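Step one of this worksheet: look at the structure below.
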Amino acid sequence: MDLINSVELTFELPDNDKQCYYQDIEKNKTAILEYQVITGGQYDVDVELLSPTKEILYKQIKSQFDSHQFTAAQTGVYAACFSNEFSTFSHKLIYMDFSLSDENPLPGVDEHATVLTQMESTAQEIHKSLNAILDFQTHHRLREAQGRKRAEDLNERVLYFSIIETSLILIIAITTVIVLRSFFSEKKPSQMHSNIRYGRM
């Protein structure tokens, strides 16, 4: 498993599989691990957050979504591992955001030795607001995708159930008609004469 630069991604986790993603974090820096199962099975996954010394900092079993904030006790590579080993046939689609909570400042802002101008302060506020809007949109897109997938799965199940139910109704109706016709069918005249003749003998 290679070290990746991306901290926000959506990936597929096959059944009986485990994948880890890594983030290099400096000591005393605050980081956030956020994840959500978008599609697959019961929408659950096992999650572990490991320190550079392989110490388990955070662990969830069959979790659908969560957000965990922590402060790095030491500098090194931290691992976020997602396991679908408990599932034997369903793969999962998972969203993950593993990032530092301390955002990088706008270019040129930290170079000033004096107090920021009003325009620079406003630009910083706009930058923070835009990042908050992006996070808000991401969460709503994830919820919409998960809701749409659940609706499609439910619609598919209802369709199959309706087909089976309709087939059973048709089979029962045809069987009922055949049975009723056999009860009320009249005997042929030749059969009636034969029965009378045998009865007299």
Going by the alpha-carbon gyration tensor, a ≥ b ≥ c the square roots of its eigenvalues, is the stretch 108-186 rounded (a/c under 1.5) or, if a/c is not under 1.5, prolate (a/b greater than b/c) versus oblate? prolate
Alpha carbon centre of the stretch 11-58 versus the stretch 125-173: separation in Å? 25 Å
How do the peptides 130-137, 22-29, 78-85 rank, highest first, by the average count of neighbouring beta carbon atoms within 10 Å per residue? 78-85, 22-29, 130-137
Taking the reciprocal of mean 1/r across every pair of different Cα atoms in the stretch 1-102, the Kirkwood radius in Å is 13.6 Å
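Test of understanding: what is the full-extension gain from E144 to N131, defined as 0.36 nm times their sequence separation minus their Cα-Cα distance?
Roughly 2.7 nm would be gained on extension.
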Got a sec to turn the phi values of the stretch 41-55 into Karplus ³J(HN,Hα) couplings, 6.51 cos²θ - 1.76 cosθ + 1.60 with θ = phi - 60°, whole Hz, x for Gly and Pro? x, 9, 6, 9, 7, 8, 10, 9, 10, 10, 7, x, 9, 6, 6
Do any of K18/K128; K18/K149; K54/K92; K27/K128; K27/K149; K29/K54 go past 29 Å between their Cα atoms, and which? K18/K128; K27/K149
Residues with beta-carbon under 12 Å from that of E156, excluding E156: net charge, scoring Lys, Arg +1 and Asp, Glu -1? +1
First measure r as the distance between the Cβ atoms of S182 and F161, then evaluate 1/(1 + (r/R0)^6) with R0 = 25 Å and state the FRET efficiency to the nearest 0.05. 0.20
Within 10 Å of each residue's Cβ, count the other Cβ atoms and sort S129, S90 from fewest upward. S129, S90
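FYI, it's all coordinate maths here, none of it is from the lab. Only a predicted model underlies this, so the values are computations on that prediction, with no experimental measurement involved. Don't worry about glycine lacking a Cβ; one is built from the backbone with ideal geometry, like all the others, and counts go over all protein chains shown.
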